[in-house]
């Protein structure tokens, strides 16, 4: 915060030294390049499991399969769709909670999961 101390306060206005302003402007201009470099990480390097909590052929299953196909084409890695039906998708949520936290197991949920969690709270671990 040395640039705050270097500025001279006149009422509500703060004079920012030219050098500090140019450093801040250069940093702001470099941000888009840094964010592009962050997107270049290798993910995924192995198949990703997308778990949904409803039976095959339903609307969530169709959405999961279309999403998996789109991500597979875009990222160049296979996405495995798993159906863990039952208990208003609490079984699927339990499977994702117990999976390793490496980003290779994803959960597709609907609004009914939030309602069932509020009503039952039967998960052994917190989803959040």
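Find the residue count for region 96-110, including only residues that are more than 12 Å from residue 53 (Cα to Cα) and out of contact with any helix residue (DSSP H, G or I) (no Cβ under 7 Å at 6 or more places or on another chain). Before the answer, list the steps.
To start, the set of residues in region 96-110 that are more than 12 Å from residue 53 (Cα to Cα) comprises 97-105.
If we keep only those that are out of contact with any helix residue (DSSP H, G or I) (no Cβ under 7 Å at 6 or more places or on another chain) as well, we get 97-104.
So the count comes out to 8.
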Filter result for the condition that a residue is assigned to a helix (DSSP H, G or I) and either within 16 Å of residue 109 (Cβ to Cβ) or under 18 Å from the mean Cα position of the chain (by Cα) (or both), over 81, 51, 63 | 63
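Here is a check on your reading of the model: is residue 97 surrounded by 14 or more Cβ atoms within 10 Å (Cβ to Cβ) and either in a helix (DSSP H, G or I) or at pLDDT 90 or above (or both)?
Working: surrounded by 14 or more Cβ atoms within 10 Å (Cβ to Cβ): yes; either in a helix (DSSP H, G or I) or at pLDDT 90 or above (or both): yes.
In short, yes.
The values are calculated or read from the model by the stated rules, or taken from the named source; none is laboratory data. These numbers were taken from a predicted model, which means no experiment stands behind them. Virtual Cβ from ideal backbone geometry, glycine too; neighbours counted across all protein chains shown.
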